[in-house]
Amino acid sequence: MRGTLLNTATVAVGGAIGLAAGQLIPPSYQQVALAGLGLVTVGIGIRMFLRTRNVLVIAISVALGGVLGLALGIHAGIDSFATWARGHLPGDMSRFNEGLITSFVLFCIGPMTLLGCMQDALEKKIDLLALKSTMDGISAVFLAAAFGSGVLVTAVLLLVFQGALTLLARKLKPLADRAELLDELTASGGAILIGIGIGLIGLKDLHTANYLPTLVLAPCVAALFVMLERRFAA
């Protein structure tokens, strides 16, 4: 768990610095920075999306994930939490949802997260997570300056998420060893990031929180496609 604890600390510290800096920046400048952050988020999302080996896998996963997320009321639940948080957390809460979801996907989704937790648990090394911690800490400064306290909450979610991955390392090792599944997980996270970026630019609010189940469905759908391809090939 050393790597995860380090990662959590860097995100929390970076978020706190960004939160303090954001209060000193005029709203007009924040809007310009937010639009720029949206453009960068779209770019990162496209790069992640291009990891897919089968676009149909992502299409099915995103569609089903969105429906499932809507049925579970994920976006509505985060809205309710944001309403509660306005009275308990510092800073501007108007962008709480975007900050929470954007930073969660950026910090927790991707091959470096899973492989880093595997390395931490199975090899007792934190090289990958140490590198990830540096990048996440720097990103947290800019994200918190733009979004506020949602990024600080992500530090807690990161601790829980990566801690669970570390504890379940042996059971999750088959996923880490199968690049075709890991690529689809990364690509599905990229699709969500593109949606977040579109919202940040101001084009349309896609309620991207509802699409979070996609991150679970994508590797499962990819595994199903691989199984069907092998069966038909035989």
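The values are calculated or read from the model by the stated rules, or taken from the named source; none is laboratory data. Keep in mind it's a predicted model, so treat the numbers as computed, not measured. Ideal geometry is used to build each Cβ from the backbone, glycine not excepted, and the neighbour counts take in all protein chains shown.
For segment 58-76, what are the residues that are out of contact with any Pro (no Cβ under 9 Å at 6 or more places or on another chain) and touching a residue at least 12 places away in the same chain (Cβ under 8 Å)?
Residues satisfying the conditions are 58, 60, 62, 70, 75.
For residues that are within 14 Å of the chain's Cα centre (by Cα) and among the basic types (Lys, Arg), tally how many sit in segment 177-234.
The total comes to 0.
When you scan segment 139-234 for helices (runs of 4 or more DSSP H) that lie fully inside it, which ones turn up with 3 or more residues that are at pLDDT 85 or above and out of contact with any His (no Cβ under 8 Å at 6 or more places or on another chain)?
Values: elements: 150-167, 169-177, 179-201, 214-233.
Answer list for segment 139-234: 150-167, 179-201, 214-233.
Take the residues of segment 1-47 that are polar (S, T, N, Q) and within 23 Å of residue 198 (Cβ to Cβ): which is surrounded by the most Cβ atoms within 10 Å (Cβ to Cβ)?
Within segment 1-47, the first condition is being polar (S, T, N, Q), and the residues that meet it are 4, 7-8, 10, 23, 28, 30-31, 41.
Subsequent filtering for residues that are within 23 Å of residue 198 (Cβ to Cβ) retains 28, 30-31, 41.
On the way: 28: 8, 30: 17, 31: 12, 41: 24.
Taking the candidates together, the pick is 41.
Filter segment 97-150 for residues that are among the hydrophobic types (A, V, I, L, M, F, W, C) and within 11 Å of the chain's Cα centre (by Cα); which is surrounded by the most Cβ atoms within 10 Å (Cβ to Cβ)? It would help to see each step written out before you state the result.
Our first condition is that a residue be among the hydrophobic types (A, V, I, L, M, F, W, C); within segment 97-150, this holds for 100-101, 104-109, 112, 114-115, 117-118, 121-122, 126, 128-131, 135, 138, 140-147.
Cutting the leftovers down to within 11 Å of the chain's Cα centre (by Cα) gives us 100-101, 104-109.
Details: 100: 24, 101: 26, 104: 21, 105: 26, 106: 23, 107: 28, 108: 20, 109: 21.
Restricting to residues being among the hydrophobic types (A, V, I, L, M, F, W, C) and within 11 Å of the chain's Cα centre (by Cα), the top hit is 107.
Based on this model, can you work out whether residue 45 counts as at pLDDT 90 or above, under 16 Å from the mean Cα position of the chain (by Cα) and under 27 Å from residue 146 (Cβ atoms)? Full working, then the answer.
On the way: at pLDDT 90 or above: no; under 16 Å from the mean Cα position of the chain (by Cα): yes; under 27 Å from residue 146 (Cβ atoms): yes.
So residue 45 does not fit the description; no.
Only one residue in 24, 37 is over 16 Å from residue 106 (Cβ atoms), at pLDDT below 90 and either outside any helix (DSSP H, G or I) or touching a Phe, Trp or Tyr at 6+ places or on another chain (Cβ under 9 Å) (or both), so which one is that? Quick ask: steps written out before the conclusion?
Numbers: 37 fails: over 16 Å from residue 106 (Cβ atoms).
Checking each option against the conditions leaves just 24.
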